[in-house]
Amino acid sequence: MEQLTKIKPGKRGVVAAIQGNTHFLSRITSIGLTVGCPVEVLQNETRQPVLVYGRDTLIALNRKESEKIMLEVGA
């Protein structure tokens, strides 16, 4: 399991855990990121939002939010 901020662009994985308070969990799940959701990291550059593609949606997350999302990365 790795933090979303540590995953390189082009890698695919499955959301394994989401850490944070109730407000954060509610917001993240409402945009489609839930445990078990397959995602692909499209952009992950320092000082820029992390862009992921999941559930037919492009999602931009700031770096602090991305640190709270854990992925199981596939080979």
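The values are calculated or read from the model by the stated rules, or taken from the named source; none is laboratory data. What you are looking at is a predicted structure, and each value in this text was computed from that prediction instead of being measured. Don't worry about glycine lacking a Cβ; one is built from the backbone with ideal geometry, like all the others, and counts go over all protein chains shown. With ligands, DNA and RNA removed, areas are computed over all heavy atoms of the protein, side chains included. Shrake-Rupley method; radii C 1.70, N 1.55, O 1.52, S 1.80 Å.
Could you check the range 1-24 and list, in sequence order, the residues that are part of a strand (DSSP E or B) and over 14 Å from residue 70 (Cβ atoms)?
12 - this is the single residue of the range 1-24 that is part of a strand (DSSP E or B) and over 14 Å from residue 70 (Cβ atoms).
Do we find a residue being polar (S, T, N, Q), open to solvent by 90 Å² or more (accessible area, probe 1.4 Å) and under 12 Å from the mean Cα position of the chain (by Cα) anywhere in the range 16-25?
Within the range 16-25, one or more residues are polar (S, T, N, Q), open to solvent by 90 Å² or more (accessible area, probe 1.4 Å) and under 12 Å from the mean Cα position of the chain (by Cα).
Any chance you could count how many residues in the range 57-72 are open to solvent by 50 Å² or more (accessible area, probe 1.4 Å) and closer than 16 Å to residue 14 by Cα?
5
Looking at the range 31-56, which of the residues that are of a type in the set (S, T, N, Q) and over 19 Å from residue 16 (Cβ atoms) is most open to solvent (accessible area, probe 1.4 Å)?
Per the stated criteria, the residue is 46.
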